[in-house]
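The values are calculated or read from the model by the stated rules, or taken from the named source; none is laboratory data. Here the structure is a predicted model, which means the values were calculated and not measured. In this analysis, Cβ positions are derived from the backbone assuming ideal geometry, glycine residues included, and neighbour counts consider all displayed protein chains.
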Amino acid sequence: MTLDTRTVEVPRPAPVSVRAALRHPVAALRWLWAYAMTPGRPGRTTTEPELRWLYGGWLLAFGLKMLGSSWDVSWHFKWLRDDLAPPHLLNSAGTVLVVALVVVHSYSGRGVDRRALRWMQAGTATFLVAVPIDIINHRINGLDITSWSPSHVLLYVGTAIMLAGALRGWWLYAAPGPVRTAVHLGLWFFFLENVLFPNQHQEYGVLSLADYQAGHTTAEPQLLDFAAAQGSSPTSFMLPVPPWVHPAWLIGAGLLTLVVARKVTGFRWTATLLTAAYLGYRAVTWGLLVATGFPPSVLPVMLLTGAVLVDLAVRWRVPGWLAGVPVAATVFLAAFVQEFVAVIPPWDWHVAPVVCLGFALLWAVVDRTATSRRWARWRAPSVAGVPVAAGGASAP
(Lines give C-alpha, C1' and ligand atoms only; values in the text may rest on other atoms or scores of the structure.)
Protein backbone atom coordinates (compact mmCIF):
# COMPACT_ATOMS: atom_id res chain seq x y z
CA MET A 1 0.00 0.00 0.00
CA THR A 2 1.34 3.43 -0.93
CA LEU A 3 0.64 6.55 0.97
CA ASP A 4 -0.34 9.79 -0.75
CA THR A 5 2.22 12.27 0.52
CA ARG A 6 0.76 15.25 -1.31
CA THR A 7 -0.22 18.11 0.97
CA VAL A 8 -3.45 20.01 0.72
CA GLU A 9 -3.04 23.77 0.91
CA VAL A 10 -5.19 25.27 3.62
CA PRO A 11 -6.90 28.40 2.31
CA ARG A 12 -5.84 31.62 3.95
CA PRO A 13 -8.51 33.08 6.23
CA ALA A 14 -10.05 36.40 5.26
CA PRO A 15 -8.89 39.45 7.26
CA VAL A 16 -11.29 39.93 10.15
CA SER A 17 -11.54 43.70 9.62
CA VAL A 18 -10.32 46.62 7.52
CA ARG A 19 -7.94 47.55 10.33
CA ALA A 20 -6.43 44.05 10.27
CA ALA A 21 -6.03 44.23 6.49
CA LEU A 22 -4.25 47.59 6.74
CA ARG A 23 -2.05 46.29 9.55
CA HIS A 24 -0.91 43.36 7.37
CA PRO A 25 -1.36 44.54 3.76
CA VAL A 26 0.87 41.89 2.18
CA ALA A 27 -1.06 39.05 3.83
CA ALA A 28 -4.33 40.71 2.86
CA LEU A 29 -3.27 40.98 -0.79
CA ARG A 30 -2.14 37.35 -0.81
CA TRP A 31 -5.53 36.29 0.54
CA LEU A 32 -7.33 38.44 -2.03
CA TRP A 33 -5.33 37.01 -4.93
CA ALA A 34 -5.78 33.41 -3.81
CA TYR A 35 -9.47 34.06 -3.14
CA ALA A 36 -10.19 35.69 -6.49
CA MET A 37 -8.05 33.37 -8.61
CA THR A 38 -9.44 30.07 -7.33
CA PRO A 39 -12.04 28.87 -9.86
CA GLY A 40 -15.38 27.48 -8.76
CA ARG A 41 -19.07 27.27 -9.57
CA PRO A 42 -21.80 29.56 -8.21
CA GLY A 43 -22.93 28.47 -4.76
CA ARG A 44 -19.43 27.65 -3.60
CA THR A 45 -18.77 27.61 0.15
CA THR A 46 -18.30 31.17 1.39
CA THR A 47 -17.59 32.12 4.98
CA GLU A 48 -19.21 35.08 6.69
CA PRO A 49 -15.99 37.18 6.72
CA GLU A 50 -15.56 36.50 2.99
CA LEU A 51 -19.16 37.51 2.30
CA ARG A 52 -18.69 40.72 4.21
CA TRP A 53 -15.58 41.60 2.22
CA LEU A 54 -17.34 40.87 -1.07
CA TYR A 55 -20.49 42.82 -0.34
CA GLY A 56 -18.62 45.51 1.55
CA GLY A 57 -16.91 46.00 -1.80
CA TRP A 58 -20.34 46.40 -3.44
CA LEU A 59 -21.29 49.06 -0.90
CA LEU A 60 -18.03 50.92 -1.49
CA ALA A 61 -18.42 50.69 -5.27
CA PHE A 62 -21.92 52.09 -5.28
CA GLY A 63 -20.95 54.71 -2.71
CA LEU A 64 -18.33 55.99 -5.16
CA LYS A 65 -20.78 55.83 -8.05
CA MET A 66 -23.45 57.68 -6.08
CA LEU A 67 -21.08 60.45 -4.98
CA GLY A 68 -19.83 60.85 -8.54
CA SER A 69 -23.30 60.97 -10.07
CA SER A 70 -24.61 63.41 -7.42
CA TRP A 71 -21.73 65.77 -8.15
CA ASP A 72 -22.17 65.19 -11.88
CA VAL A 73 -25.74 66.56 -11.99
CA SER A 74 -24.73 69.81 -10.29
CA TRP A 75 -21.58 69.98 -12.42
CA HIS A 76 -23.62 69.93 -15.64
CA PHE A 77 -25.63 72.94 -14.48
CA LYS A 78 -22.37 74.91 -14.06
CA TRP A 79 -19.78 73.70 -16.56
CA LEU A 80 -19.62 72.29 -20.06
CA ARG A 81 -19.51 68.52 -20.23
CA ASP A 82 -16.09 66.84 -20.10
CA ASP A 83 -15.48 63.09 -20.32
CA LEU A 84 -12.64 63.42 -17.79
CA ALA A 85 -14.44 65.75 -15.35
CA PRO A 86 -13.84 64.87 -11.67
CA PRO A 87 -17.42 63.57 -11.14
CA HIS A 88 -17.00 61.20 -14.09
CA LEU A 89 -13.69 59.94 -12.74
CA LEU A 90 -15.23 59.30 -9.31
CA ASN A 91 -18.13 57.43 -10.89
CA SER A 92 -15.71 55.49 -13.08
CA ALA A 93 -13.73 54.38 -10.01
CA GLY A 94 -16.92 52.83 -8.64
CA THR A 95 -17.63 51.18 -11.99
CA VAL A 96 -14.14 49.66 -12.12
CA LEU A 97 -14.67 48.20 -8.65
CA VAL A 98 -18.05 46.77 -9.73
CA VAL A 99 -16.43 45.10 -12.75
CA ALA A 100 -13.70 43.65 -10.51
CA LEU A 101 -16.31 42.26 -8.09
CA VAL A 102 -18.31 40.67 -10.90
CA VAL A 103 -15.13 39.06 -12.23
CA VAL A 104 -14.38 37.64 -8.76
CA HIS A 105 -17.94 36.32 -8.38
CA SER A 106 -17.87 34.84 -11.88
CA TYR A 107 -14.49 33.15 -11.59
CA SER A 108 -14.65 31.95 -7.99
CA GLY A 109 -18.40 31.25 -7.74
CA ARG A 110 -18.44 32.61 -4.20
CA GLY A 111 -21.26 34.57 -2.61
CA VAL A 112 -23.75 34.08 -5.45
CA ASP A 113 -26.06 31.53 -6.98
CA ARG A 114 -26.41 31.23 -10.74
CA ARG A 115 -29.33 33.64 -10.98
CA ALA A 116 -27.70 36.36 -8.87
CA LEU A 117 -24.52 36.04 -10.92
CA ARG A 118 -26.41 36.30 -14.21
CA TRP A 119 -28.11 39.48 -12.99
CA MET A 120 -24.78 40.98 -11.96
CA GLN A 121 -23.23 40.08 -15.31
CA ALA A 122 -26.19 41.32 -17.36
CA GLY A 123 -26.39 44.60 -15.45
CA THR A 124 -22.67 45.26 -15.76
CA ALA A 125 -22.73 44.44 -19.49
CA THR A 126 -25.69 46.78 -20.03
CA PHE A 127 -23.93 49.58 -18.15
CA LEU A 128 -20.65 49.10 -20.03
CA VAL A 129 -22.46 49.06 -23.39
CA ALA A 130 -24.30 52.27 -22.44
CA VAL A 131 -21.05 54.17 -21.69
CA PRO A 132 -19.72 54.37 -25.29
CA ILE A 133 -23.27 54.92 -26.57
CA ASP A 134 -23.56 57.92 -24.24
CA ILE A 135 -20.19 59.29 -25.36
CA ILE A 136 -21.20 58.93 -29.03
CA ASN A 137 -24.54 60.57 -28.26
CA HIS A 138 -22.74 63.60 -26.80
CA ARG A 139 -20.41 63.77 -29.78
CA ILE A 140 -23.37 63.78 -32.20
CA ASN A 141 -25.96 65.80 -30.29
CA GLY A 142 -23.72 68.12 -28.33
CA LEU A 143 -24.43 68.90 -24.71
CA ASP A 144 -27.47 66.71 -23.97
CA ILE A 145 -27.50 67.18 -20.20
CA THR A 146 -30.98 65.76 -19.76
CA SER A 147 -31.22 62.80 -17.40
CA TRP A 148 -33.95 61.35 -19.60
CA SER A 149 -31.94 60.61 -22.76
CA PRO A 150 -31.99 56.99 -24.01
CA SER A 151 -28.27 56.48 -23.34
CA HIS A 152 -28.69 57.65 -19.74
CA VAL A 153 -31.71 55.38 -19.27
CA LEU A 154 -29.49 52.45 -20.27
CA LEU A 155 -27.07 53.43 -17.50
CA TYR A 156 -29.87 53.42 -14.91
CA VAL A 157 -31.24 50.10 -16.16
CA GLY A 158 -27.81 48.47 -16.03
CA THR A 159 -27.24 49.76 -12.51
CA ALA A 160 -30.64 48.50 -11.36
CA ILE A 161 -30.03 45.02 -12.79
CA MET A 162 -26.59 44.61 -11.21
CA LEU A 163 -27.96 45.86 -7.88
CA ALA A 164 -30.77 43.31 -8.10
CA GLY A 165 -28.12 40.60 -8.42
CA ALA A 166 -26.22 41.92 -5.41
CA LEU A 167 -29.42 42.13 -3.37
CA ARG A 168 -30.27 38.54 -4.20
CA GLY A 169 -26.77 37.19 -3.51
CA TRP A 170 -26.44 38.88 -0.15
CA TRP A 171 -29.93 37.94 1.03
CA LEU A 172 -29.46 34.28 0.08
CA TYR A 173 -26.05 33.71 1.62
CA ALA A 174 -25.58 36.10 4.54
CA ALA A 175 -26.40 34.69 7.96
CA PRO A 176 -29.48 36.26 9.59
CA GLY A 177 -28.68 39.07 11.98
CA PRO A 178 -28.15 42.82 12.21
CA VAL A 179 -25.26 42.84 9.71
CA ARG A 180 -27.38 41.07 7.12
CA THR A 181 -30.20 43.59 7.60
CA ALA A 182 -27.87 46.61 7.54
CA VAL A 183 -26.11 45.60 4.32
CA HIS A 184 -29.41 44.69 2.68
CA LEU A 185 -30.86 48.08 3.55
CA GLY A 186 -27.67 49.70 2.25
CA LEU A 187 -28.07 47.99 -1.12
CA TRP A 188 -31.74 49.00 -1.23
CA PHE A 189 -30.68 52.59 -0.48
CA PHE A 190 -28.48 52.61 -3.57
CA PHE A 191 -31.30 51.03 -5.58
CA LEU A 192 -33.69 53.81 -4.49
CA GLU A 193 -31.13 56.51 -5.29
CA ASN A 194 -30.64 55.05 -8.76
CA VAL A 195 -34.41 54.97 -9.40
CA LEU A 196 -34.92 58.57 -8.27
CA PHE A 197 -31.82 59.90 -10.01
CA PRO A 198 -33.49 61.05 -13.28
CA ASN A 199 -35.82 63.38 -11.35
CA GLN A 200 -32.81 65.35 -10.15
CA HIS A 201 -32.68 67.13 -13.50
CA GLN A 202 -35.93 68.91 -12.68
CA GLU A 203 -34.91 69.37 -9.04
CA TYR A 204 -31.74 71.20 -10.08
CA GLY A 205 -33.28 72.82 -13.13
CA VAL A 206 -36.09 74.64 -11.35
CA LEU A 207 -33.64 76.49 -9.08
CA SER A 208 -31.09 77.10 -11.84
CA LEU A 209 -33.79 78.59 -14.06
CA ALA A 210 -35.00 80.85 -11.24
CA ASP A 211 -31.43 82.08 -10.65
CA TYR A 212 -30.98 82.71 -14.37
CA GLN A 213 -34.19 84.71 -14.59
CA ALA A 214 -33.17 86.69 -11.49
CA GLY A 215 -29.88 87.62 -13.13
CA HIS A 216 -27.47 85.75 -10.88
CA THR A 217 -27.06 82.37 -12.54
CA THR A 218 -24.47 79.87 -11.30
CA ALA A 219 -23.93 78.56 -14.85
CA GLU A 220 -20.71 79.58 -16.55
CA PRO A 221 -21.12 81.79 -19.69
CA GLN A 222 -19.57 79.14 -21.90
CA LEU A 223 -22.30 76.68 -20.86
CA LEU A 224 -25.09 79.15 -21.62
CA ASP A 225 -23.48 80.16 -24.91
CA PHE A 226 -23.15 76.53 -25.96
CA ALA A 227 -26.79 75.84 -25.13
CA ALA A 228 -27.89 78.94 -27.05
CA ALA A 229 -25.82 77.82 -30.05
CA GLN A 230 -27.78 74.56 -30.00
CA GLY A 231 -31.02 76.52 -30.18
CA SER A 232 -32.01 75.70 -26.59
CA SER A 233 -33.88 78.27 -24.53
CA PRO A 234 -33.02 78.49 -20.82
CA THR A 235 -36.34 76.80 -19.98
CA SER A 236 -35.94 73.90 -22.40
CA PHE A 237 -32.30 73.56 -21.35
CA MET A 238 -33.00 73.39 -17.60
CA LEU A 239 -36.50 71.84 -17.59
CA PRO A 240 -36.55 69.68 -20.72
CA VAL A 241 -39.42 67.31 -19.83
CA PRO A 242 -43.19 67.92 -19.33
CA PRO A 243 -44.39 68.79 -15.80
CA TRP A 244 -46.20 65.46 -15.37
CA VAL A 245 -42.92 63.51 -15.45
CA HIS A 246 -41.63 64.40 -11.98
CA PRO A 247 -44.73 63.36 -9.99
CA ALA A 248 -45.39 60.31 -12.14
CA TRP A 249 -41.83 59.03 -11.73
CA LEU A 250 -41.55 59.94 -8.05
CA ILE A 251 -44.68 57.92 -7.22
CA GLY A 252 -44.83 55.30 -9.97
CA ALA A 253 -41.15 54.34 -9.70
CA GLY A 254 -39.77 55.78 -6.44
CA LEU A 255 -42.67 54.99 -4.13
CA LEU A 256 -43.17 51.61 -5.79
CA THR A 257 -39.52 50.78 -5.08
CA LEU A 258 -40.21 51.45 -1.41
CA VAL A 259 -43.20 49.08 -1.50
CA VAL A 260 -41.04 46.29 -2.96
CA ALA A 261 -38.18 46.98 -0.51
CA ARG A 262 -40.57 46.85 2.46
CA LYS A 263 -42.03 43.52 1.36
CA VAL A 264 -38.71 41.90 0.50
CA THR A 265 -36.81 42.89 3.63
CA GLY A 266 -39.69 42.47 6.08
CA PHE A 267 -38.14 45.20 8.24
CA ARG A 268 -40.95 47.23 9.83
CA TRP A 269 -39.83 50.74 8.86
CA THR A 270 -37.90 49.99 5.68
CA ALA A 271 -39.61 52.56 3.44
CA THR A 272 -39.37 55.35 6.02
CA LEU A 273 -35.74 54.61 6.87
CA LEU A 274 -34.65 54.44 3.22
CA THR A 275 -36.43 57.69 2.35
CA ALA A 276 -35.09 59.52 5.40
CA ALA A 277 -31.56 58.32 4.58
CA TYR A 278 -31.95 59.42 0.97
CA LEU A 279 -33.21 62.88 1.93
CA GLY A 280 -30.48 63.17 4.54
CA TYR A 281 -27.85 62.31 1.96
CA ARG A 282 -29.28 64.82 -0.48
CA ALA A 283 -29.32 67.50 2.24
CA VAL A 284 -25.65 66.90 3.07
CA THR A 285 -24.59 66.98 -0.58
CA TRP A 286 -26.73 70.13 -1.03
CA GLY A 287 -24.71 71.85 1.68
CA LEU A 288 -21.36 70.69 0.29
CA LEU A 289 -22.23 71.73 -3.27
CA VAL A 290 -23.45 75.15 -2.24
CA ALA A 291 -20.37 75.67 -0.06
CA THR A 292 -18.12 74.96 -3.07
CA GLY A 293 -20.02 77.18 -5.49
CA PHE A 294 -22.09 74.57 -7.31
CA PRO A 295 -25.84 74.86 -8.01
CA PRO A 296 -28.26 73.56 -5.34
CA SER A 297 -31.36 71.41 -5.83
CA VAL A 298 -34.85 70.92 -4.47
CA LEU A 299 -35.30 67.95 -2.11
CA PRO A 300 -38.35 65.72 -2.76
CA VAL A 301 -39.47 65.87 0.88
CA MET A 302 -43.03 64.98 -0.15
CA LEU A 303 -41.87 61.37 -0.69
CA LEU A 304 -41.40 60.89 3.06
CA THR A 305 -45.15 61.07 3.76
CA GLY A 306 -45.77 58.33 1.22
CA ALA A 307 -42.97 56.20 2.69
CA VAL A 308 -44.48 56.32 6.18
CA LEU A 309 -47.89 55.34 4.82
CA VAL A 310 -46.38 52.48 2.81
CA ASP A 311 -44.82 51.05 5.98
CA LEU A 312 -48.08 51.37 7.86
CA ALA A 313 -50.15 49.86 5.04
CA VAL A 314 -47.87 46.82 4.72
CA ARG A 315 -47.74 46.41 8.50
CA TRP A 316 -51.54 46.49 8.75
CA ARG A 317 -51.88 44.20 5.69
CA VAL A 318 -53.87 46.70 3.65
CA PRO A 319 -53.95 45.46 0.02
CA GLY A 320 -52.30 47.64 -2.56
CA TRP A 321 -55.43 48.13 -4.66
CA LEU A 322 -57.01 49.75 -1.59
CA ALA A 323 -54.00 51.60 -0.15
CA GLY A 324 -52.46 52.82 -3.41
CA VAL A 325 -54.82 55.71 -4.18
CA PRO A 326 -54.83 57.36 -0.72
CA VAL A 327 -51.07 56.92 -0.29
CA ALA A 328 -50.30 58.50 -3.68
CA ALA A 329 -52.88 61.23 -3.06
CA THR A 330 -51.15 62.07 0.22
CA VAL A 331 -47.88 62.56 -1.66
CA PHE A 332 -49.65 65.01 -3.99
CA LEU A 333 -51.04 66.84 -0.95
CA ALA A 334 -47.58 66.98 0.65
CA ALA A 335 -46.14 68.36 -2.61
CA PHE A 336 -48.86 71.01 -2.66
CA VAL A 337 -47.86 72.07 0.86
CA GLN A 338 -44.14 71.99 0.00
CA GLU A 339 -44.74 74.29 -2.94
CA PHE A 340 -46.07 76.94 -0.55
CA VAL A 341 -43.33 76.45 2.04
CA ALA A 342 -40.39 76.16 -0.36
CA VAL A 343 -39.98 75.22 -4.04
CA ILE A 344 -40.72 72.09 -6.05
CA PRO A 345 -40.20 71.29 -9.73
CA PRO A 346 -43.16 71.98 -12.01
CA TRP A 347 -45.99 69.52 -11.28
CA ASP A 348 -48.99 68.96 -13.52
CA TRP A 349 -51.73 68.55 -10.92
CA HIS A 350 -54.21 67.30 -13.54
CA VAL A 351 -52.39 63.95 -13.74
CA ALA A 352 -53.05 63.19 -10.06
CA PRO A 353 -56.02 60.81 -10.69
CA VAL A 354 -54.11 58.86 -13.34
CA VAL A 355 -50.95 58.62 -11.24
CA CYS A 356 -52.89 57.55 -8.12
CA LEU A 357 -54.84 54.86 -9.97
CA GLY A 358 -51.72 53.67 -11.79
CA PHE A 359 -49.81 53.38 -8.52
CA ALA A 360 -52.64 51.36 -6.95
CA LEU A 361 -52.55 49.01 -9.93
CA LEU A 362 -48.78 48.60 -9.71
CA TRP A 363 -48.97 47.94 -5.96
CA ALA A 364 -51.65 45.31 -6.58
CA VAL A 365 -49.33 43.62 -9.09
CA VAL A 366 -46.57 43.57 -6.44
CA ASP A 367 -48.99 42.01 -3.93
CA ARG A 368 -50.03 39.36 -6.42
CA THR A 369 -46.43 38.59 -7.37
CA ALA A 370 -45.40 38.26 -3.71
CA THR A 371 -47.86 35.37 -3.23
CA SER A 372 -47.15 33.58 -6.51
CA ARG A 373 -45.35 30.25 -6.91
CA ARG A 374 -43.01 31.82 -9.43
CA TRP A 375 -41.80 34.29 -6.76
CA ALA A 376 -41.33 31.43 -4.30
CA ARG A 377 -39.21 29.59 -6.86
CA TRP A 378 -37.26 32.74 -7.63
CA ARG A 379 -36.35 33.19 -3.97
CA ALA A 380 -34.86 29.70 -3.78
CA PRO A 381 -31.13 29.36 -4.55
CA SER A 382 -30.39 28.42 -8.16
CA VAL A 383 -27.31 26.23 -7.95
CA ALA A 384 -26.86 22.97 -9.77
CA GLY A 385 -25.49 20.21 -7.60
CA VAL A 386 -24.23 22.42 -4.77
CA PRO A 387 -26.12 22.45 -1.47
CA VAL A 388 -26.80 25.90 -0.06
CA ALA A 389 -28.79 27.27 2.81
CA ALA A 390 -31.15 30.01 1.73
CA GLY A 391 -31.05 32.96 4.08
CA GLY A 392 -27.64 32.01 5.43
CA ALA A 393 -24.09 31.23 4.49
CA SER A 394 -23.58 28.53 1.92
CA ALA A 395 -23.34 25.07 3.33
CA PRO A 396 -19.98 23.30 3.49
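At least 1 residues being of a type in the set (S, T, N, Q) is the threshold, and among the helices (runs of 4 or more DSSP H) wholly inside the stretch 289-382 those reaching it are 302-315, 320-341, 352-370.
Being hydrophobic (A, V, I, L, M, F, W, C), surrounded by 20 or more Cβ atoms within 10 Å (Cβ to Cβ), in contact (Cβ under 8 Å) with a residue 60 or more places away in the chain and within 30 Å of residue 243 (Cα to Cα) holds for only one residue in 343, 351, 355, and it is 355. Only one of the listed residues (64, 54, 60, 90) is over 20 Å from residue 284 (Cα atoms), in a helix (DSSP H, G or I) and in the same structural domain as residue 208 (by TED's automatic domain parsing). That residue is 54. Has the stretch 19-27 got at least one residue that is outside the structural domain of residue 98 (by TED's automatic domain parsing) and either modelled with pLDDT of 85 or more or under 19 Å from residue 173 (Cβ atoms) (or both)? No, the stretch 19-27 contains no residue that is outside the structural domain of residue 98 (by TED's automatic domain parsing) and either modelled with pLDDT of 85 or more or under 19 Å from residue 173 (Cβ atoms) (or both). The residue list 183, 157 contains one member that is crowded, with 21+ Cβ neighbours inside 10 Å and at pLDDT 95 or above, which is 183. Collect the residues in the stretch 286-339 that are more than 23 Å from residue 261 (Cβ to Cβ), β-branched (Val, Ile, Thr) and crowded, with 18+ Cβ neighbours inside 10 Å, keeping them in residue-number order. 298 - this is the single residue of the stretch 286-339 that is more than 23 Å from residue 261 (Cβ to Cβ), β-branched (Val, Ile, Thr) and crowded, with 18+ Cβ neighbours inside 10 Å.
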